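Quick note: the coordinates plus some simple rules give every number you see, no bench work behind them. None of the values given here were measured: they were computed from a predicted structure. Cβ coordinates were reconstructed from backbone atoms using ideal geometry, including for glycine residues, and neighbour counts include every protein chain displayed.
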Amino acid sequence: MDRTLATAARRLNARHAARRLLPPLVLLTDRLRLPDPLAAAAKLPAGSIVILRDGDLPSGQRLALGLDLAALCRRRRLVLLVAGDPALARRIRADGVHWPEKQLPIRVSGLATAAAHSLPALIRARRAGVAAALLSPVLPTQSHPGAPCLGVIRFAGLARLAGIPVYALGGIDGMTAPRLLGNGAIGIAAIGAFRP
């Protein structure tokens, strides 16, 4: 894992009021951009969050990956969330659920985070009771090539208006992470930046 990314994430987290409840780093799985999520998760500091996405995997493969991640997360004291599938989260004994923006229920139960791409989405996430939102894309990203991004200044404004802790996601790596300092984020969420 890139030390500059980890250092910037810790500095963001240290400045945030919710730092005792939420860690500085979030890893999202993506079988195309992060083919070995177990190796990446094994390098995370204790307390970090891992979000199992990969909803396009056949259910048996996603279950197997989830079970492997759950075992690793328990050993390494990482927090495991499952994207959009509370039944799978219960089955693998994950710590909670990460809600894609379009699937966010009116009210969440247990530990939950949500994806957000706008102020209305952040407001819905806050009203639903999530612990934090992953606001994206901050910068141009390989996950969505050519898609418009928020930019650091707009991200900072949205993070301050959110009313809940917000992670910066999209185009964040060791080179871009220092640009986020002072923007109100509680930490950094990433995929490709965690490639071993």
Checklist entry - Inside the range 101-122, can you point out the residues that are hydrophobic (A, V, I, L, M, F, W, C) and either part of a helix (DSSP H, G or I) or in contact with a Pro (Cβ under 6 Å, 6 or more places away or on another chain) (or both)? => result A115, L119, A121, L122
Item to check | Among residues of the range 1-57, those that are basic (K, R) and touching a strand residue (DSSP E or B) at 6+ places or on another chain (Cβ under 7 Å), counted | outcome: 1
Checklist entry - For the range 108-121, which residues satisfy the criterion of being closer than 18 Å to P148 by Cα and touching a residue at least 12 places away in the same chain (Cβ under 8 Å)? => result A115, A116, H117, S118, L119, A121
Next on the checklist: Between I172, I191, I186, which is of a type in the set (V, I, T), closer than 17 Å to R53 by Cα and under 17 Å from the mean Cα position of the chain (by Cα)?
Outcome noted: I191
Next on the checklist: Can you tell me how many residues within the range 172-196 are buried (at least 24 other Cβ atoms within 10 Å of the Cβ), of a type outside the set (V, I, T) and either part of a strand (DSSP E or B) or without any contact (Cβ under 8 Å) to a residue 60 or more places away in the chain (or both)?
Outcome noted: 3
Item to check | Subset of the range 120-140 (residues that are under 26 Å from L32 (Cβ atoms), surrounded by fewer than 21 Cβ atoms within 10 Å (Cβ to Cβ) and either of a type in the set (A, V, I, L, M) or within 16 Å of the chain's Cα centre (by Cα) (or both)) | outcome: A121, P137, L139
Checklist outcome for this item: Cβ pairs under 8 Å, 6+ apart or interchain, first in the range 1-20 and under 24 Å from A162 (Cα atoms), second among the charged types (D, E, K, R), ordered by first then second residue, are L5/D173; N13/R19
